[in-house]
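The values are calculated or read from the model by the stated rules, or taken from the named source; none is laboratory data. None of these values were measured; they are calculated from a predicted model. Cβ placement follows ideal geometry from the backbone for every residue including glycine, while neighbour counts extend to all protein chains displayed.
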Amino acid sequence: MKKGELVLKNVSKKFGEVKALDKLDLVIKSGELVALLGPSGCGKTTALRIVAGLEHHDSGSIKINDQNISGVPAHQRNMGMVFQAYSLFPNLTVLENVAFGLKMRKVSKEKQQKKSIELLELVGLPTQKNRFPHQLSGGQQQRVALARALAIEPSVLLLDEPLSALDAQVRTNLRDEIRRLQLSLGITTLFVTHDQEEAMSMADRVGVMRNGKLEQIGVPSDLYNKPATPFVASFVGIANRIPAEVTGKGNVKVLGQKIALSEFSMEFDDGKKVNALVRPESLHLVSESDPEATNGIVAIKSFLGPLTKIGVAIEGYPIVHLNLASKDVKRIEIGDRISFKIAADELMVESA
C-alpha cells in the first residue's frame, strides 16, 4: 500500500449559518490510524467528507505528502473509503465488487482478478467470491467493502462509522480485523465514529471534536486519564458529576474529601461551587469507620460479568455510580447500606 501523511490546516466549513468546521488542524502521520470521536453535529463526518473530496471546504488546505489536494476531484485523490452503509453493487459478485476500482483504472483483467483474490483472502472471504451481496451477512458485506477500498492501494483509508450497522459481536470481531489489516498494511487511516469504545480500542490517537473544533487529541490513555476539558472528561468514559467546592491551594472538597484539582481546572477561584467529575472506578468500598467514608444506600445493581455497576443514593446528591469487581459485591443487594471513598490523585471540575 502507498503510505501518505495527511495534513489539514485551518480547514473551515459552513452550511448556511452553521459552522461545521472551525479552523481545524489535524496531522495524521504515515501509517497511523487516527479516530475522530464526538457527538452528532460535531464536524467529524464533515472533516472526513472534505478529505475525501465529497464536500468542498471554505478555507484552509489539505495535503498528502506535502501535495495540496484541496482542488483535486474526489476520483483523483486516491482515497479508499468504507461507509456505514455497505454500498456494494447488488448486481455484481463479490469478486467483481472488489475489482471495480481496478476496472475503472483500466487495470488488466488478469491483475484485477489476482489482486481481488489476494484481498478476499486477506479479509477471510475467498470462498464467497462468486456470491452476490444479498447472499452475505452484514459483517461479510462490510469485509467486501473494505477489500474494495484497499484494492486501489489508496494513500489514505477513510472509514465513516463502518461498524455501526452491525450487531455487537460482529462489530467487535470486525474492528479487531480492521485494526489487524491496517497495521499489517501500514496504511494511513482516518476513522470517524461516535462510539468511544471503537475509537479507544482501534486508534493510535483519538481526536475528540466539539462544535467543529478539536477539544483534545492524544493517545487513548491520555484522553481518559488526563482530559484537557470537562467535555472530554465526560465524553470519554463515564464520570459522576458530584457537587463540590473549590478550596484554597488548588484543591476541591467533594463528599467530605479534599483532593487536588487537575492542572486543567486551576482557573476556578477559592470557594467556587463546582461539579467534580469522578470516574466510577475511582470509588472504592471502605469500612464505615474510615474517616473519609461516604455512606449511602444501594439503589441500583447491574451485573456485567466480571464487573458490577452499583448506584448509591446519598441524601442531597444525585445517584453516585461505582464500578466494582463482581467478586467483591456478591453479598451486596439493593437496599443495603455501603461505605465508599474517592481514590484519585486529582479531579477535573466544571462549573455547577
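Points to keep in mind about this one:
- For the range 191-219, a residue qualifies if it is touching a Cys at 6+ places or on another chain (Cβ under 8 Å) and not charged (D, E, K, R), and the qualifying residues are MET209, ASN211, GLY212.
- Here LYS272, LYS341 are screened, and the one residue that is of a type in the set (Lys, Arg), in contact (Cβ under 8 Å) with a residue 24 or more places away in the chain, surrounded by fewer than 17 Cβ atoms within 10 Å (Cβ to Cβ) and within 28 Å of PRO230 (Cβ to Cβ) is LYS272.
- Looking across ALA147, ALA199, ALA228, ALA165, one residue alone is outside any helix (DSSP H, G or I), out of contact with any Gly (no Cβ under 8 Å at 6 or more places or on another chain) and among the small types (Gly, Ala, Ser). It is ALA228.
- Positions within the range 17-45 being within 18 Å of GLN196 (Cα to Cα) and without any contact (Cβ under 8 Å) to a residue 24 or more places away in the chain, in sequence order: GLY41
- Qualifying residue in the range 158-165 (condition: among the polar types (S, T, N, Q) and either within 18 Å of LEU33 (Cα to Cα) or at pLDDT below 90 (or both)): yes
- The range 131-159, residues that are more than 18 Å from ARG77 (Cβ to Cβ), buried (at least 24 other Cβ atoms within 10 Å of the Cβ) and either not assigned by TED's automatic domain parsing to the domain that holds ALA74 or not hydrophobic (A, V, I, L, M, F, W, C) (or both): GLN142, ARG143
- ILE297 meets the conditions (1) in a strand (DSSP E or B); (2) under 32 Å from the mean Cα position of the chain (by Cα) in every case but one. The failed one is (2).
- Residue count for the range 184-211, restricted to those that are under 9 Å from the mean Cα position of the chain (by Cα) and charged (D, E, K, R): 3.
- Flag if ASN78 is among the polar types (S, T, N, Q) and either in contact (Cβ under 8 Å) with a residue 12 or more places away in the chain or farther than 27 Å from GLY186 by Cβ (or both): yes
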